[in-house]
Each structure stands twice: as structure tokens, then as C-alpha cells.
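J.: Take a look at the following structure, please.
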Amino acid sequence: MHISEGVLKPEIIIPCSVISATAVSYLLYKLKAGDIPKVAAISAMFFIASFIHLPLGVTSVHLVLSGLAGAFLGANAVIAIFVALFFQALLFGYGGISVLGVNLLIIAMPSLFSVYLLKLSFKKFRTLFWFGIGFLPIFCSSILLSLVLVLNGKEFAPVATLAFASNLTLMVLEGIISLFALRFIFRVKKELLKC
């Protein structure tokens, strides 16, 4: 799901970095001290999940769990994902520092749909919405990833198609993981799901 350094043109990197820096700065300014442990825990979950690679033909995909991050944190998921992406780039070379803003927009922004899906799940179709919490952010992230690659140059169109296709399995898998995780939390500690 990460775009590596050296792939994108500056015309894409610079505006995305400015938007990401503005969003993270604003959210850090608004962050309440009581929310910091929750943000840190979800950031750690996101960081560790990325080490679970699933082989898929000639490539592999890794868990993201951005939907769960968005469901539990709302807008603060952007902070949690930023911290995790920063340390992944710094320590392991996933993505990179120069494309951190692009990767943040691709992964974190779709996670914001999850908080609304969680609210809707308490009305009806709970199972469907809980599946959607995992599925929809990965679907949107895959579309954004493909769009960024195509905007970078028409020669990236086959790669964009392959990137989207390789994430189809991940979308379903993340939907199933979200469904079971939320079902478990709903049974054990329902108040964690209150938005």
C-alpha cells in the first residue's frame, strides 16, 4: 500500500505533503491529553499489522487495519497512522520520508469513513457495517493509490491496475478481521464502541 521514494514527481509530492502537514498539525493542536494513550495504542496496532505479509501470487500484501483505527479514533486516526508511517519509513524503509505525505493521504483519509459506519452499525445491518469498516477504507485507499500512480504518468497505468487488483483480497480480509474484532469487542466491552 506504500509508494516508495523515487517513484513520484514533485508535482504530486509537494501538495500532498503540505496538505498532510496541515492536517497533522491541526489535529495535534486539537488532541486532548486523555486521548494520547488511545492514539498510541492504535498507532502501535497499525505499525505491527504491517509486518503481517500475505503472499499473493508474485507479490504480497500486508495488513493495514486503517478501518479499525478510524472507527476507534475518528479524525485522530490520521495522527496514529502518521506516527506509524513515519517510524516504518525511518526504521524499515517502508515508503519513505519524502513520500510520507502522499502515503498518509492514501491510507489515513479513507479511514475516516469508518467512524460513520460504526455509528450506522448501531441502527441496523450491524454485520454488514462492521465488515465495511475494514473493507471500505482499503477499497478507497486502493483507488487513491491507483489514481496517484496514473497521475504520475500514463506508463504507471498497468502498475496501478495491478496494485488495485492485488488489494482486492486484502479488502475482503480486512473486512472479515474488522467484523470479528468488532463483534468480540461488542460482546466484551461495548462501551469502547461508543462514538
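The values are calculated or read from the model by the stated rules, or taken from the named source; none is laboratory data. Since the structure is predicted, the reported quantities are computational estimates derived from the model, not experimental observations. As a convention, Cβ positions derive from the backbone with ideal geometry for all residues, glycine included, and neighbour counts pool all protein chains shown. Ligands, DNA and RNA are excluded from the accessible area calculation, which covers all protein heavy atoms including side chains. Shrake-Rupley method; radii C 1.70, N 1.55, O 1.52, S 1.80 Å.
J.: Could you tell me which residue of segment 87-97 is modelled with the highest pLDDT, considering only residues that are on the phi > 0 side of the Ramachandran plot and surrounded by fewer than 22 Cβ atoms within 10 Å (Cβ to Cβ)?
T.: Result: Gly96.
J.: Residue under question is Ile12, and the condition is that it be open to solvent by less than 90 Å² (accessible area, probe 1.4 Å), in contact with a Leu (Cβ under 7 Å, 6 or more places away or on another chain) and farther than 15 Å from Ala108 by Cα; does it hold?
T.: Answer is yes for this residue.
J.: Also, I was wondering about something else. I want to confirm something. Restricting to segment 160-184 and keeping residues that are assigned to a helix (DSSP H, G or I), in contact with a helix residue (DSSP H, G or I) (Cβ under 9 Å, 6 or more places away or on another chain) and polar (S, T, N, Q), which single residue is least open to solvent (accessible area, probe 1.4 Å)?
T.: Among residues in segment 160-184 that are assigned to a helix (DSSP H, G or I), in contact with a helix residue (DSSP H, G or I) (Cβ under 9 Å, 6 or more places away or on another chain) and polar (S, T, N, Q), the one least open to solvent (accessible area, probe 1.4 Å) is Ser178.
J.: Would you mind stating whether Phe82 is touching a Phe, Trp or Tyr at 6+ places or on another chain (Cβ under 7 Å) and assigned to a helix (DSSP H, G or I)?
T.: Criteria not met by Phe82.
J.: Can I ask one more? With the requirement that a residue be in contact (Cβ under 8 Å) with a residue 60 or more places away in the chain, of a type in the set (A, V, I, L, M) and part of a loop (DSSP other than H, G, I, E, B), what does segment 87-138 give you?
T.: Ile97, Val99 - these are the residues of segment 87-138 that are in contact (Cβ under 8 Å) with a residue 60 or more places away in the chain, of a type in the set (A, V, I, L, M) and part of a loop (DSSP other than H, G, I, E, B).
J.: Next question, about the same structure. Of everything in segment 14-27, what is within 18 Å of the chain's Cα centre (by Cα) and not hydroxyl-bearing (Ser, Thr, Tyr)? Give them in sequence order.
T.: If the condition is that a residue be within 18 Å of the chain's Cα centre (by Cα) and not hydroxyl-bearing (Ser, Thr, Tyr), then Cys16, Ile19, Ala21, Ala23, Val24, Leu27 are the ones that fit.
J.: Could you check how many residues of segment 144-195 are of a type in the set (Ser, Thr, Tyr) and out of contact with any strand residue (DSSP E or B) (no Cβ under 9 Å at 6 or more places or on another chain)?
T.: 3
J.: Right, next: Considering only residues that are open to solvent by 60 Å² or more (accessible area, probe 1.4 Å) and of a type in the set (Gly, Ala, Ser), which ones fall in segment 15-39?
T.: If the condition is that a residue be open to solvent by 60 Å² or more (accessible area, probe 1.4 Å) and of a type in the set (Gly, Ala, Ser), then Ser25, Ala33, Gly34 are the ones that fit.
J.: Could you identify the single residue in Ala84, Ala157 that is free of Cβ contacts under 8 Å to residues at least 60 places away in the same chain and open to solvent by 10 Å² or more (accessible area, probe 1.4 Å)?
T.: Ala157 is the lone residue from the list that is free of Cβ contacts under 8 Å to residues at least 60 places away in the same chain and open to solvent by 10 Å² or more (accessible area, probe 1.4 Å).
J.: Take Ala44 and tell me if it is open to solvent by less than 40 Å² (accessible area, probe 1.4 Å) and either under 26 Å from Ile177 (Cβ atoms) or not small (Gly, Ala, Ser) (or both).
T.: So Ala44 fails the test.
J.: Shifting gears a bit: For segment 63-71, state whether one or more residues are among the hydroxyl-bearing types (Ser, Thr, Tyr), closer than 15 Å to Met1 by Cβ, part of a helix (DSSP H, G or I) and open to solvent by less than 80 Å² (accessible area, probe 1.4 Å).
T.: Checked against the condition, which is being among the hydroxyl-bearing types (Ser, Thr, Tyr), closer than 15 Å to Met1 by Cβ, part of a helix (DSSP H, G or I) and open to solvent by less than 80 Å² (accessible area, probe 1.4 Å), segment 63-71 yields at least one hit.
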